[in-house]
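What follows is calculated from the coordinates using simple rules that are stated; it is not laboratory data. Everything numeric here is computed off the predicted structure, so don't read it as measured data. Quick reminder, even Gly has a Cβ in these numbers, built from the backbone with ideal geometry, and neighbours come from all protein chains shown.
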Amino acid sequence: MVADKGKKSKVAEPGAEGAEPEQHIDGELVLSIEKLQEIQDELERVNEEASDKVFEVEQKYNEIRRPVFVRRAEIIQHIPDFWLTAFLSHPALGDLLTEKDQEIFKFLHSLDVEDFKDVKTGYSITFNFSNNPYFEDTKLTKTYSFNDEGTTNVTGTTIKWKDGMEHIANGDAHEKKGNKRPFAEESFFSWFSENQQKDFSEGVMDEVAEIIKEDLWPNPLKYFNNEADEEDFDGDEDDDEETDEDGEPEDDEDEE
C-alpha cells in the first residue's frame, strides 16, 4: 500500500513540544557530572596536601621561634609591670581587668603561648606568677585541644585562692571616674574556670584566648609602648560617628 504523498511524518523535531529526549543526551550529562566530581575530589586531595604542608612549615618555624621567645621572656622579667601595662593598653584585654586584677598582675612575671608539637591538635596559654598574697599557684594554664570530631576540649587551672581571697573571682563593679577606665565587674581570673572540661562545637572559639594568642603574644611591645593603632586590632568596635552617603563624617548642625 502506497502512503499518501501529502502526509507528513508524526515524529516531532528535537526540542519541540511532545518530543522525546534522546537517550545519548542524558548519558553525556551523567558522564560530565561524574568527571566534574572526579575533578572536585582531586582538588580536595590537593587542598588536604597543601594544608599538611602548611602545618609542617608552621611546626618547623615554631621550633625556630621557641628559643627567641625564651630570650624575650628573660628580658621582659627585668621590666616592671610589663604584662600589666601591655594588657591595660590593649583595646580589648584592658577592659577585662578589675582593680584587684591589676594588683595581682603586678606579680605576673611571664606569659607563654605554646602550640602543641602537632599544631593541628591545640595550644596552651600559661601565666607565670611570683609568690603572691592572693593564691597558692605560681602557674595558671588554659589548654585548648582540637579533636578529630571537630570539637575543642578546654581545660584550665583551678585556682587555689588563699584564705579570704576567694571573693576576688567574683569581681567588683567600679564606676568610671574622670578619665580613668571603668573596671570590669567580673575578675579576669574567672576565665581560667570558664568552660573547663567542656567540648565546643567547631567554629566556636574563646575570644580572649584568640586575642592573646593571635594579637598580644606575637608583639606585646607595641602595646607596652602604647604604639598600636586602632586598626592594628581587628575588633568589632562600634563606630559612633555618623557618616553621610559618601562615607564622610556628618557635621553636627548648630543648635539655635
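Applying 1/(1 + (r/R0)^6) with R0 = 45 Å to the Cβ-Cβ distance of ILE75 and GLN37 gives a FRET efficiency near 0.20. Residue pairs exceeding 27 angstrom between C-alpha atoms, taken from LYS120/LYS160; LYS117/LYS142; LYS139/LYS222; LYS117/LYS139: LYS120/LYS160.
The label-point distance for SER51 and ASP112, in a model that sets each label 7 Å from Cα toward Cβ, rounds to 3.0 nm. Can you bin segment 57-137 into rounded, prolate or oblate? Criterion: square roots of the alpha carbon gyration tensor eigenvalues sorted a ≥ b ≥ c, rounded for a/c under 1.5, prolate for a/b above b/c, oblate for the rest. Cα axes put segment 57-137 in the prolate bin. Between the residues ASN47, VAL57, PHE69, the greatest Cα displacement towards the positive end of the dipole of segment 37-78, with unit charges on the Cβ of Lys, Arg, Asp and Glu, is found for PHE69.
Taking other residues whose beta carbon is less than 13 angstrom from the beta carbon of LYS160, and scoring Lys, Arg as +1 and Asp, Glu as -1, yields -2.
Loop only per DSSP, at most 10 neighbouring Cβ atoms within 10 Å: give me the trypsin sites (Lys or Arg not before Pro) in segment 61-154, ordered by residue number. Passing sites in segment 61-154 are LYS117.
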